[in-house]
Amino acid sequence: MNNYVTDSKLRLLRDREEVVKLTQALVRIPSVYRPGDPNGNEQKVAQYVANYLKQMGVEVHIEEVEPGRPNVIGIVDSGKPGKTLLFEGHTDVVTEGDRSAWTYDPFGAEVVNGRIYGRGTNDTKGNLACMITAVHSLLRDKEQWKGKIILCIPCDEEGMMIGIKHFIRRGWAKGVDGAIICEPEENQVCIAQKGAMRIVIRVYGKMAHGAIPLSGINPNTRMARLICELEQLEKREKERLGKHPLLGWPSITPTILKAPVCGDAQINVIPDQCMTTLDIRTIPGQDHEELCKEIQHIFERLAKEDPDFKGEFEVIENRPWTKTSKDDPIVKAVAEAVKRVTKKKPYYNGVPGATDGTFLHLEGIPIVTIGAGDREIPHQIDEYVDIDELAETTEIYRTAALLFLNEEV
């Protein structure tokens, strides 16, 4: 028993050291997608991960989704029939923004007071390091399990999620029995995700001199009425559905607003067109098709009230909300792992946005999202992750894998 305790402590120290070093290595390889920049992609970090997995003895596949934007897939097969568990963690990160606003180098991965600072430490290179370290730990210790582990490491989670879509199209998701989505959730067991719709709206007018507005048709005032109508639609949806216990409120948020859409803006010129984008987040009880019908009705009503109102909208991305039962084996395995590692009851929650797991869910795969990192920190200046939490997450992933694959829950 004493030897077991000693071995366990040594393993935890070993895994802690590895996950810190791996997180730092990944963060120090910038992987912001910058169109037009030959180095502005995930190529270098994906190659680093692929080499790392090969050195672990993992079967590795590299598939280019777009030039310079590969997916990495790692396969660890026990050789025994059983379930297939998928870990997912993406390689891309959002822009660092204004570097001068950072206290620490955004790609320096500096350790300060028990934290690692840098872009991607929290979302989600730290958790990518956790899932790799957890699997490495199982292999090093020659742990016994049934079935297979797939490490899904896609590009472009922060964009249109082309990586996970390619992964699914290539057939890698077939036969997966459960997936752990490795995102910063303070090690809360997240069993629901908001849905997302991305919509582009265009309102058309007639270009004219700002001093002679009646000779033109102003798309800006008409867009303003439309946005106010969308605000009322959001209000009605909130009143109808209430606040979801895990996901909070639904939302309809105009983000980009641009007029003119092409050419230079000028203060004394009425533009010929105005464009806005909507970031719509949905909760259980909302049907995306019905929401689109509601938006279409708004367009029709505005056109009826104003013969000069001409507009259209296009849904460019449609991601449904997801929900996984607490009784599903993957949720039970993760919850039990949290209980064993933290010595606390698992805290169930929901993901405020969509993840790559959304598309795995559409394939019929039960998903649960959990990982290290403050939920409020992603995409912020001075992004960080606590080292203690990285170590804890690594042990949760390791334990959950054994529990799920050996069907001990």
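Details
- Nearest-20 debye value, the range 160-217 charge dipole, Cβ charges on Lys, Arg, Asp, Glu: 500 debye
- Note on surface exposure: R340, R319, R281 rank R340, R281, R319 by accessible area, highest first, 1.4 Å probe.
- Bridges between two residues of the chain, per DSSP, are antiparallel at a rate of about 75%.
- Centre separation in Å (Cα based) which lies between the range 364-389 and the range 49-128: 13 Å
- Directionally averaged shadow of the range 22-161, computed from the convex hull of its alpha-carbon atoms, nm²: 9.3 nm²
- Packing order of peptides 284-294, 73-83, highest average first: 73-83, 284-294 (average count of other Cβ atoms within 10 Å over each peptide's residues).
- Descending Cα extents along the principal axes, the range 239-336, whole Å: 64, 31, 21
- Sequence-distant lysines (8 or more away, or on other chains) whose Cα lies within less than 16 Å of K174: K83, K148, K165
- For the pair L362 and K44, label points projected 7 Å from Cα toward Cβ lie 3.3 nm apart.
- For the range 40-57, backbone phi angles converted through the Karplus equation (6.51, -1.76, 1.60; θ = phi - 60°) give residue-by-residue couplings of x, 7, 9, 3, 5, 6, 5, 5, 4, 5, 4, 5, 4, 5, 4, 5, 6, x Hz, Gly and Pro being listed as x.
- Take the Cα of K344, step 7 Å toward its Cβ, do the same at S215, and the gap between the two points is 6.8 nm.
- Cut-off under 5 Å, modelled amide H: who pairs with I283 long-range: G195
- Over all pairs of different C-alpha atoms in the range 139-196, the reciprocal of the mean inverse distance, the Kirkwood hydrodynamic radius, equals 14.1 Å.
- Here the alpha carbons of the range 149-269 define both size measures, Rg and Dmax, at 21.8, 68 Å.
- Exceedance of the 28 Å cut-off in Cα-Cα distance is limited, within the set K21/K323; K194/K293; K125/K345, to K21/K323.
- Once you divide the Cα radius of gyration of the chain by 2.2 N^0.38 Å, the number left is 1.10.
- Those lysines that a straight Cα-Cα span of less than 23 Å connects to K344, excepting residues fewer than 8 apart in one chain: K9, K326, K332
- Taking all protein chains as they are arranged and a probe of 1.4 Å, the heavy atoms of Y104 leave approximately 60 Å² accessible to solvent.
- Under the Karplus curve 6.51 cos²θ - 1.76 cosθ + 1.60, θ = phi - 60°, whole-Hz ³J(HN,Hα) for the range 92-105, x wherever Gly or Pro sits: 7, 10, 7, 4, 7, x, 6, 4, 5, 7, 7, 6, 10, 3
- Most to least packed among 399-405, 135-141 [average Cβ atoms within 10 Å]: 399-405, 135-141
- Note that the range 364-380 has calculated 3J(HN,Hα) couplings of x, 8, x, 10, 9, 10, 7, x, 7, x, 4, 5, 8, 8, x, 6, 8 Hz, one per residue in order, obtained from phi through the Karplus relation 6.51 cos²θ - 1.76 cosθ + 1.60 (θ = phi - 60°); glycine and proline are x.
- Model label zone, E407; criterion: amide N under 15 Å from point 7 Å along Cα-to-beta-carbon; scope the range 75-101: 80-85
- On the range 58-124, 46 percent of the accessible area sits on carbon and sulfur atoms, based on a 1.4 Å probe.
- Extension gain (nm, one decimal) between R14 and M207, 0.36 nm per residue minus Cα-Cα: 62.8 nm
- With all protein chains modelled, accessible area of K142 [1.4 Å, Å²]: 150 Å²
- Heavy-atom surface of the chain, accessible at 1.4 Å and reported per residue (Å²): 46 Å²
The values are calculated or read from the model by the stated rules, or taken from the named source; none is laboratory data. Nothing here was measured: the structure is a model prediction, and the numbers come from that model. Note that each Cβ is placed from the backbone with ideal geometry, even for glycine, and that neighbours are counted across all protein chains shown. We work out accessible area using only protein heavy atoms, side chains counted, and drop any ligands, DNA or RNA first. Shrake-Rupley method; radii C 1.70, N 1.55, O 1.52, S 1.80 Å.
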